[in-house]
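Just passing along the structure, written as structure tokens.
Since every read-out is calculated from the coordinates, none of them should be taken as a lab result. Here the structure is a predicted model, which is why all the values come from computation and not from measurement. Because the Cβ atoms are built from the backbone with ideal geometry, glycine has one as well, and the counts that use them run over all protein chains shown.
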């Protein structure tokens, strides 16, 4: 179990480093809704990650991906290589748009959200609408499905991996809970920096993760 989590650490940290998701939680925290909407948003991110990865693992293991010599196992490795190439393409696109410092339009509507809306935004931004997180979740699902672990350990790996993916957004949420009176002072500089450097951060992440996924897939195929 520990080796599998170690293998997933890079992917989990990369999912956690999502500037726009962090900014979204900061905006909720600075508007006084960090403990309510911020909590719902984080739960939405976590729920989508573990459910989506869990479904992929279930499908993969039922197809026999845990057998290193099986066709499904090889297919997962090929998919991983393709995802890596896709991330390198996204890195190029992000770099070309690095001059844009404007946050997405949907962020302006965060203040008006209720709990259900905040949860839904968390679900959407953690995968369906994220060009970074969705392929990483697919890669993580493939990696976990290939692990020769008993069912209870597979479930534990999925749950722990989900926690890895929300570590960064938990920081502004935690500040809003323990020190609500100083949220604006402590988080405003972070928000400005993340919005200004979003494209560069994502470019670097895409390159690192693209190379990692390609390397992992090729190494598995070669062995």
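Suppose the Debye formula is applied to equal point scatterers at every Cα of the chain; what is log10 I(q)/I(0) at q = 0.10, 0.13, 0.15 Å⁻¹?
The computed values of log10 I(q)/I(0) come out as -0.46, -0.76, -0.96.
Provide 184, 152, 80 in ascending order of the number of other Cβ atoms located within 10 Å of each residue's Cβ, fewest first. Display every interim value, and only then the final one.
Details: 184 14, 152 9, 80 25.
Going from sparsest to densest Cβ surroundings: 152, 184, 80.
For region 119-223, rounded, prolate or oblate, judged on the Cα gyration tensor with a ≥ b ≥ c (square roots of eigenvalues), a/c < 1.5 rounded, else prolate if a/b > b/c? Let's see the in-between values first.
Working: a/c = 2.72, a/b = 1.59, b/c = 1.71.
It is oblate, given that a/c is not under 1.5 and a/b is not larger than b/c.
While we're on this one: How far, in degrees from 0 to 90, does helix 71-96 lean away from the longest principal axis of the Cα atoms of the chain, to the nearest 10?
The two axes meet at around 30 degrees.
Which of rounded, prolate, oblate describes region 177-223, given a ≥ b ≥ c as roots of the alpha-carbon gyration tensor eigenvalues and a/c under 1.5 marking rounded, otherwise prolate only if a/b is larger than b/c?
Values: a/c = 9.57, a/b = 2.69, b/c = 3.55.
Oblate, since a/c reaches 1.5 and b/c is not below a/b.
Would you mind putting 190-198, 175-183, 34-42 in packing order, based on average other-beta-carbon counts within 10 Å, highest first?
Numbers: 190-198: 16.6, 175-183: 14.6, 34-42: 22.3.
Averaged packing, sorted descending, gives the order 34-42, 190-198, 175-183.
With a 10 Å Cβ neighbour count serving as the proxy for reagent exposure, in which order, fewest first, do 206, 174, 52 appear? Each step should come with its number before you reach the end.
On the way: 206 25, 174 14, 52 22.
So the residues, fewest neighbours to most, are 174, 52, 206.
Over region 2-222, what is the relative contact order in percent, taking alpha-carbon pairs closer than 8 angstrom and at least six residues apart? Write out the running numbers ahead of the final one.
Numbers: 291 pairs, mean separation 101.7, N = 221.
Across region 2-222, relative contact order equals 46 percent.
Once both labels are modelled 7 Å past Cα along the beta-carbon direction, what's the residue 95-residue 51 spacing in nm?
It works out to 3.7 nm between the two label points.
Given the -39500 (n - 2.57) contribution per DSSP H run of 4+ residues, what per-residue ellipticity at 222 nm results for the chain, rounded to the nearest 500 deg cm²/dmol? Numbers along the way, then the final one.
Numbers: 10 runs with 171 residues, N = 223.
Mean residue ellipticity at 222 nm (helix-derived): -25500 deg cm²/dmol.
To the nearest 10 degrees, how steeply does helix 2-16 sit against the main Cα axis of the chain, on a 0 to 90 scale?
Roughly 40 degrees between the two axes.
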